[in-house]
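J.: If you scroll down you'll find the structure; I have some questions about it.
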Amino acid sequence: MRQKFRIHPLPQLQLFRTGQNVSKRLPNVRLFRPKLQAAQIHAVKTTSRQNPPCLRTNTFLELHHSLSRPLPCNRVFVLFYYEVTAGFFSNKIIMMMKNIFKFLTIIVIIASCATSPSSDVVKPRYLFPGDYMADPAAHVFNDRVYIYPSHDRRSGGYGGGGQDGGLYDMVDYHVFSLDDVFNGNVTHHGLALALADIPWARGQLWDNDVAYKDGKYYMYFPAKNQNNLFRIGVAIADKPEGPFVPQPEPIRGSYSIDPCVFEDDGSYYIYFGGLWGGQLEQYYNNVYTGAAGRINLPFAEADKAISPRAAKLSDDMLQFDESPREVIILDAKGIPLTRSDTGRRFFEASWMHKYNGVYYFSYSTGDTHQLCYATGSSPYGPFTYQGVILTPVTGWTTHHSIVEYKGKWYLFYHDARPSGGIDHLRSMKVTELIHLDDGSIQRMNGMR
Ligand code: FUB
């Protein structure tokens, strides 16, 4: 039997912002493609309570969406929709109308995407306007989010300029916490560890991370020693906010920068490494080779991107339990990324999180300024490159952490916008991070 429909009223054109709650405007939205991703669902979330006068309760709307990628959020977007009720028109005419609107919608989506490389859900929040803090490592302890940033400052610099990162001349760490990511107070717990209290360290307290085990909190931090080589130290506290008491010596066999610690099934893994000023190029097979270390390598080896390192921590959390292993990042064909692939290869800022049983290794590409991620089935990798999480921010460095809190995921990161773009005076911020239905992470715009 031929089913008849009536279209009433004529197709609607409406402007809205993705990410905006449209529930009051679009009741009973029926999605043309049921497999919508989180942000899209967010964008068209509806309730049927408030019907505008033009809509009837027995009608539905069809939203045409034909792209596999999510809609860019917080962008003005044109929604074409029409209302269909049992009535005048034949199936054939309905199908024709559907195709026309599908076509128009695709054009608008493409135009919208062309002007923005990313999609975002919630406007990011600067967390501590009072001072410059960078590289925020966030963890949930005692139902609060604790944030462990580097503490940027104005300084004449720590020797070596340019690629040595001498301007990042930090001398202490402060701790922050919150229990409402976007609206609540950010508690500043004050000084947690100072360079002057670390017997082996001479300067440059860069990105740190903190892990909890058996009633103690362990802070892992890089610093330059008397020979100007980065080593990684540990400091211990009874409370998440510190104060942290440093061990007299750095971790045996440690080198380079940006430690991050990840707990999995009761084991703790430390990831670390950073190129250029982070000195990772100066090590081969965990041995210090100096600047010339990679010159005589066979081509295939020299061509391979320099890998971040991972090692299991000892039971007492104070040493490596094994020699650090290379964390290999592969392309989609299973081939390790190359050194010249600067848009995708690892540079610094390791972070690990687990989502739906999959290990997500994320990092900064340094001189191409992206935050990227790669996924795998083991904490050691290998990981397969997946894409960009955050496009470049204001300032040279980009560095982040990813944490789940009260059922949502967040990206903590920094940029140098509040300082007017001074690379080494950065401000920490947070935004929501979305895992899409297919396991990918929704790309975000670093300039927001
Ligand atoms: O904060 C100093 C360094 O800048 C960090 O260790 C790097 O990851 C970069 O953010």
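J.: For every other residue with a beta carbon closer than 15 angstrom to the beta carbon of E249, add +1 if it is Lys or Arg and -1 if Asp or Glu, then tell me the sum.
T.: Counting the neighbours of E249, the net charge comes to +2.
J.: Related question: Any idea what the relative contact order of the range 184-342 is, in percent, if you count C-alpha pairs under 8 Å spaced at least 6 apart?
T.: 15 percent
J.: Summing Lys, Arg as +1 and Asp, Glu as -1, what charge do residues with Cβ under 12 Å from the Cβ of V403 carry, V403 excluded?
T.: +1
J.: Once a ≥ b ≥ c are taken as the square roots of the eigenvalues of the Cα gyration tensor of the range 325-448, is the result rounded (a/c under 1.5), prolate (a/b larger than b/c) or oblate (a/b not larger than b/c)?
T.: Verdict is oblate for the range 325-448.
J.: Could you sort 176-189, 233-246 so that the peptide with the highest average Cβ count within 10 Å comes first and the rest follow in order?
T.: Result, highest mean Cβ count within 10 Å first: 233-246, 176-189.
J.: Could you name the aspartates and glutamates whose alpha carbon sits less than 20 Å from that of K213, not counting residues in the same chain fewer than 8 places away?
T.: Candidates past the 8-residue exclusion: D143, D238, E241, E263, D264, D265, D315, D316, D321, E322, E404.
J.: If you don't mind, another one. How big is the charge dipole of the range 125-433 about its Cα centre, in debye rounded to the nearest 20, if each Lys and Arg gets +1 on its Cβ and each Asp and Glu gets -1 on its Cβ?
T.: With Lys and Arg at +1 and Asp and Glu at -1, about 440 debye.
J.: Take each of the peptides 194-206, 268-280, average the number of other beta-carbon atoms within 10 Å over its residues, and list them starting from the highest.
T.: Ranked by mean Cβ neighbours within 10 Å, highest first: 268-280, 194-206.
J.: Sort the range 368-416 into rounded, prolate or oblate with this rule: let a ≥ b ≥ c be the square roots of the eigenvalues of the Cα gyration tensor; rounded if a/c is under 1.5, and if a/c is not under 1.5, prolate when a/b is larger than b/c, oblate otherwise.
T.: In terms of gyration-tensor shape, oblate.
J.: Looking at the square roots a ≥ b ≥ c of the eigenvalues of the Cα gyration tensor of the range 125-433, which shape do they give, rounded for a/c under 1.5, prolate if a/b is larger than b/c, or oblate?
T.: It comes out rounded by the Cα gyration axes.
None of the figures in this text is laboratory data; all of them are computed from the coordinates on show. These numbers come from a predicted model, not from an experiment. Heads up, the Cβs are rebuilt from the backbone with ideal geometry, glycines too, and the neighbour counts pull from every protein chain shown.
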